[in-house]
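Report on the following structure.
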Amino acid sequence: MKEVDLIVIGAGPAGMAAARTAADGGGAVLLLDEQPEPGGQIYRGVLRADNRRSEILGENFLAGRPLAEALDHRKIRVEKGAVVWRVERSGHVAWTRSGAARIASGRRVLVATGAIERPVPIRGWTLPGVMTAGAAQILLKTAGMVPKNAVLAGSGPLLYLLAQQLIAAGAPPKAVVETQNLRAHLRASRHLPRALWDWQHLLKGARMLAAIRRAGVPRHTGATKLRATGVDAVEGLRFRAAGQTREIPCDTLLLHQGIVPNVQITRSLGLAHDWDPAQRCWHPRHDIWGSTDVPAIMVAGDGGGIAGAGAAVLTGKLAALEALHALGRLSETGRDAQAATLRRALKRELAARRFLNTLYAPAPEIIAPPDDVVICRCEEITAGMLRGYVQLGCLGPNQTKAFSRCGMGPCQGRYCGLTVAELLARERDVSPETIGYYRIRAPLKPVTLGELAQLADGAT
């Protein structure tokens, strides 16, 4: 089994920045990522984006190109298409690639797996033509596919960004329907003075809203009772806003209620996790360097707490500096000297986070949907069925597996876990922190016996 100084899991902004920083410090780095090219979700396909696609996606998208190009370094080995299915507290990491399983050991392992979109379970969300905003961005970035006659619904800055991109592509959305209301604006206003320290990001948001207004795209705020209508495919979005029930016909409905840390690997490792009551999600507990309660394991980027691409780059670099120090390749004085500028920049990047988290908190009816709404799409379990299981004695997410197989489908709980925890917590009148989360075990992704059969000692 080959050993390297640092194994980085995830080639998004945090992982790419960490890999290059560690390599520049003399560390041998193995970078693993599922996609065919580095970039993560936010910079997906950045190395091959043509001029037209770059114009549509904007200058913020192009900021990922230098990060991806910097991976061309003699101390960095990039494994593309690598599906990580096991990580051990000792630093051993197993993955599959090209039909064969491989394993390596890192003196330090950095989990930089980023975020996933929060599921938006509403009536009709399983209809063909209903997707997440992030899925639409994947199609746009990788294939240049532009959804037409679309409605964007939910909450969060990604809705504005996607609307702006669709406008630039010549296919403006029919409407942007938002769940945040006046009360959310009032709650968030107390955090605005601090948010102004990061005025550049606020200005970007203002420019996106201005582009939406100029294009004549209607915005509906304070929307409730969202429902995708249709029989064999989505035909429209029905909702209530301004005291009226409205329905907007569409061929594509793009839903979004923010993003949450991807905690599958950190949960499988048994790391300590903390509950974020503002964003209604968990994140692994870590210090300012990304170190966790397991010495060999570190976290960086949105996987350690949602903060955006700019902050992810900075936390990736900080984690790499700490790894170099822990491995004896960088003195404490040298580490702190290089980190000083990064920390100041990170403070600015985080200045608006509390304002944004409060303003775009997930809507109550999204985290606790009506009884007839499907929660677990893999096993077709509804919210009402889950509430009934509580009456039968189901105490937490792990028990739902025995009652219903909820969380045991192909996604392994990635897209139902938060909703399940919220529903059970509300039924039992306790906090989701008390309810807990699914117990995640390897394999984290499907692996075949044939792939395992090709795993030999030293096969890296």
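The values are calculated or read from the model by the stated rules, or taken from the named source; none is laboratory data. Note that the structure is predicted; figures quoted are calculated from it, not measured. Reconstructed Cβ throughout: ideal geometry from the backbone, glycine too, with neighbour counts over all protein chains shown.
Tabulated data for the structure shown
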| item | result |
| --- | --- |
| Which listed residue is basic (K, R), in a helix (DSSP H, G or I) and farther than 19 Å from A28 by Cα, from R86, R52, R44 | R52 |
| The listed residue being buried (at least 18 other Cβ atoms within 10 Å of the Cβ) and either of a type in the set (F, W, Y) or farther than 16 Å from V177 by Cβ (or both), out of V234, V260 | V260 |
| Test for V111: is it without any contact (Cβ under 8 Å) to a residue 60 or more places away in the chain, closer than 21 Å to A300 by Cα and of a type in the set (V, I, T) | no |
| Residue among I212, I138, I167 that alone is modelled with pLDDT of 95 or more, in contact with a Lys or Arg (Cβ under 7 Å, 6 or more places away or on another chain) and either in a helix (DSSP H, G or I) or within 29 Å of P36 (Cβ to Cβ) (or both) | I212 |
| Subset of the stretch 110-133 [assigned to a strand (DSSP E or B) and among the hydroxyl-bearing types (S, T, Y)] | T132 |
| Filter result for the condition that a residue is within 25 Å of G417 (Cα to Cα), crowded, with 24+ Cβ neighbours inside 10 Å and among the hydroxyl-bearing types (S, T, Y), over T266, T224, T315 | T266 |
| Flag for A368 being within 30 Å of A195 (Cβ to Cβ), at pLDDT below 95 and not aromatic (F, W, Y) | yes |
| Selection count, the stretch 372-405, where residues are closer than 17 Å to R428 by Cβ and part of a loop (DSSP other than H, G, I, E, B) | 5 |
| Matching option when the condition is at pLDDT 95 or above, surrounded by 22 or more Cβ atoms within 10 Å (Cβ to Cβ) and either of a type outside the set (G, A, S) or touching a helix residue (DSSP H, G or I) at 6+ places or on another chain (Cβ under 8 Å) (or both), among L346, L330 | L330 |
| Close pairs from the stretch 248-266: first on the phi < 0 side of the Ramachandran plot, partner surrounded by 24 or more Cβ atoms within 10 Å (Cβ to Cβ) and among the charged types (D, E, K, R), Cβ under 9 Å, at least 6 apart | H256/R118; Q257/R118; I259/R118; I259/D302; V260/R118; V260/D302; P261/D302; N262/D302 |
| Tally of residues being among the β-branched types (V, I, T) and out of contact with any strand residue (DSSP E or B) (no Cβ under 9 Å at 6 or more places or on another chain) across the stretch 98-137 | 0 |
| Residue count, the stretch 273-319 (criterion: of a type in the set (V, I, T), out of contact with any Lys or Arg (no Cβ under 7 Å at 6 or more places or on another chain) and farther than 15 Å from A115 by Cβ) | 1 |
| Test: T245 is surrounded by fewer than 20 Cβ atoms within 10 Å (Cβ to Cβ) and of a type in the set (S, T, N, Q) | yes |
| Residue count, the stretch 200-218 (criterion: surrounded by fewer than 14 Cβ atoms within 10 Å (Cβ to Cβ), over 24 Å from E247 (Cα atoms) and not basic (K, R)) | 4 |
| Failed item, numbered, when G270 is tested on (1) touching a residue at least 24 places away in the same chain (Cβ under 8 Å); (2) outside the structural domain of S90 (by TED's automatic domain parsing) | (2) |
| Test: V146 is touching a helix residue (DSSP H, G or I) at 6+ places or on another chain (Cβ under 6 Å), over 19 Å from N357 (Cβ atoms) and β-branched (V, I, T) | no |
| Considering residues of the stretch 71-106 that are over 29 Å from G308 (Cβ atoms), crowded, with 18+ Cβ neighbours inside 10 Å and among the charged types (D, E, K, R) only, the residue nearest to the chain's Cα centre (by Cα) | R86 |
| Residues of the stretch 228-276 classified as assigned to a strand (DSSP E or B) and closer than 22 Å to A311 by Cα, total | 9 |
| Residue pairs meeting the criteria (Cβ under 9 Å; at least 6 apart or on separate chains; first farther than 7 Å from A352 by Cα and of a type in the set (S, T, N, Q), in the stretch 191-202; second at pLDDT 90 or above and part of a helix (DSSP H, G or I)) | Q200/R348 |
| Test: R107 is modelled with pLDDT of 95 or more, assigned to a helix (DSSP H, G or I) and among the basic types (K, R) | no |
